[in-house]
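Just so it is clear, none of the values below were taken in a lab; they were calculated from the coordinates. All of these numbers come straight from a predicted model, not from anything done at the bench. In this analysis, Cβ positions are derived from the backbone assuming ideal geometry, glycine residues included, and neighbour counts consider all displayed protein chains.
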Amino acid sequence: MWWLSSRKWSVARGQWRVLFLVTGHLALATLTACGFHPLYAQREGENTPAMDMLASVRIEAGGGPTLGRLSQEFKQDLEDRVNPGGSIAAAKAYRLEVLLNSTTSAIGVSRDGTVSRYNVYLSSQYKLYRLADNKLMTIGALNHVSSYNNIINAYFSTYVSEEDATRRGVQELAELYRQRLAAYFEEGAPIQENLPPDDKNKKTKP
């Protein structure tokens, strides 16, 4: 009968669900036993080495004359991400220098020829130094793009949208930096640091 078939199907589906959950837990336990741990895996009341290393980074951010507020917002946001609420008491061992730049470009034009949408480009270059000997450990660049609509004859709304896009870009760029630093410390300093060509040549000279 059809209701018996439905009941059998429900029981079978429940058995498969239980089997799936058990298999997933066993796979996770196996990976953990083999030494696999998430980047920010944290036991209760214990900080991971990567978290301690992140908290040991002193952040300095700068830019052009018009980027003072943006640089300060980026610095504060990144500090909160590498050491939320200052909860990790760690002596500063590294200095991260970040140079920011922001530009805006039109990407959409309406039928009457007015700009309908803008992109906000946040570009940055960084250098990471070890404070003990002021050694340059690594350099690089990270960029982010956000956008906002230009509403015709709605100047305040457009201004608010631009500010929101810029603020969102700063926050997401800070998260990219947190991920980059975390990966660097998790992997350990590379044998050959990522240095400019001149510095690499100096190191290889006898």
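Working from label points 7 Å from Cα in the Cα-to-Cβ sense, the GLU175 to GLU60 distance is 2.9 nm.
Taking 7 Å steps out from each Cα toward its Cβ at LYS92 and VAL145 produces label points 3.5 nm apart. Other residues with beta-carbon under 12 Å from the beta-carbon of VAL120 carry, at +1 per Lys or Arg and -1 per Asp or Glu, a net charge of -1. Taking other residues whose beta carbon is less than 12 angstrom from the beta carbon of ARG167, and scoring Lys, Arg as +1 and Asp, Glu as -1, yields -4. Computed over all pairs of different Cα atoms, the Kirkwood value for the hydrodynamic radius of the stretch 50-204 is 17.3 Å.
Near ALA93: Cβ cut-off under 13 Å, other residues only, Lys/Arg at +1 and Asp/Glu at -1. The net charge is +3.
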